[in-house]
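Heads up, the thing below is written out as structure tokens.
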Amino acid sequence: MGTRVVALCGGVGGAKLAYGLSRLLRPEDLCIIVNTGDDFEHLGLHICPDIDTVTYTLADVAHAGQGWGRADEQWMVMQEIERLGGESWFKLGDRDIALHLLRTQKMRAGSTLTEVSAYFAAKLGVRHSVVPMCNQRVRTVLETEAGELAFQEYFVKHQCEPIVHALQYAGADDAGLTPEVTHALQDDNLRGVIVCPSNPYLSIAPILAVSGLRARLRALSVPVLAVSPIVAGQALKGPAAKMMHELGHHGGALGIANLYADFIDALMLDTQDFALAGRHNAVSPRLLFGNIIMTSRDERVELARTCLDHLDHLGG
């Protein structure tokens, strides 16, 4: 049996499970592939919300209350930007801005996003691999009742209120698998893949849209387990349930099974959704149950342990 686990991860919800996995697995045995579809340029800076959230969470410097940004943050720069009439709808703390300034400088000097992400993870004391889904520019764009919106406009500026009709992941067809992603997903020494409880449209779909990635997952000989971000019909965080309804993907947590059916072996649901087992007629993916709500660090670790146990059982 292999030892390396790959996690596909978005921001806040995914970062919690990634944290739990990092407390159980050695650095060489965990690779976290992170969504970059919500990256954008703001105030001239290259912003990577999901990569930063995962890195801050693993480093134990994330703001626990809001789920993003840094703990013990100050806001002097943003306050001055607002006073001077600049765009202030996307909030950036002073510590956060320092990282964005250096990231932008390094990327303009020729470093790849993978290289820069590894650099900052190391600087913050994160030993596990935090890997962008690709180095090319891929942007999640939503077609809504308010017109075409870039991800951050929809998510932050409009607070996820407009009805969504469709999504596109601009640039994904031209994006390729990095050596780091390709190596992580090789069958050799691979224990399995975990799809974290992140928004299936805004966090996981952009990763899957990178050319060749979904096909590689389908071809794996090791198990792929997804953890539902939907509990009792409601999203653990963000607009996932709302978007599923608007896009016609009904069935609550079972809708996740349909979205991932071509490449996952099992879907883990919360025990609150045990009744859904009677409505799942398909042979695959298999439904598994457990406590997937993570309100404490201990619960993050416990869910990670359960996921690893399921992987081993599925692979056995």
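At-a-glance table
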read-out: Ordering of 210-219, 79-88 by packing [mean C-beta count within 10 Å, highest first]; value: 210-219, 79-88
read-out: Per-peptide average of other Cβ atoms within 10 Å, ordering 161-170, 129-138 highest first; value: 129-138, 161-170
read-out: Surrounding net charge for Gly13, when Lys and Arg each add one and Asp and Glu each subtract one, Cβ distance under 12 Å; value: +2
read-out: Between segment 1-25 and segment 166-193, the Cα center-to-center distance that results, in Å; value: 16
read-out: When segment 91-152 is reduced to its Cα atoms, the Kirkwood hydrodynamic radius in Å; value: 13.7
read-out: Debye log10 I(q)/I(0) at q = 0.18, 0.22 Å⁻¹ for segment 198-313, Cα point scatterers; value: -0.98, -1.43
read-out: Largest-first ellipsoid semi-axes for the chain, taking √(5λ) over the Cα gyration tensor eigenvalues, angstrom; value: 30, 23, 19
read-out: Summed side-chain charge close to Met133 - residues other than Met133 whose Cβ falls under 14 Å, Lys, Arg +1, Asp, Glu -1; value: -2
read-out: Spacing of the two label points (7 Å from each Cα toward its C-beta) at Leu84 and Ala98, in nm; value: 2.0
read-out: Extent along principal axes [Cα atoms of segment 40-178; Å; largest to smallest]; value: 43, 42, 29
read-out: Local electrostatic count, Ile163, Cβ distance below 12 Å [Lys/Arg +1, Asp/Glu -1]; value: -3
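The numbers here are math on the coordinates, done by the rules we state, and not lab data. All values derive from a computational prediction rather than experimental measurement. No Cβ is skipped: glycine too gets one built from the backbone with ideal geometry, and neighbour counts run over all protein chains shown.
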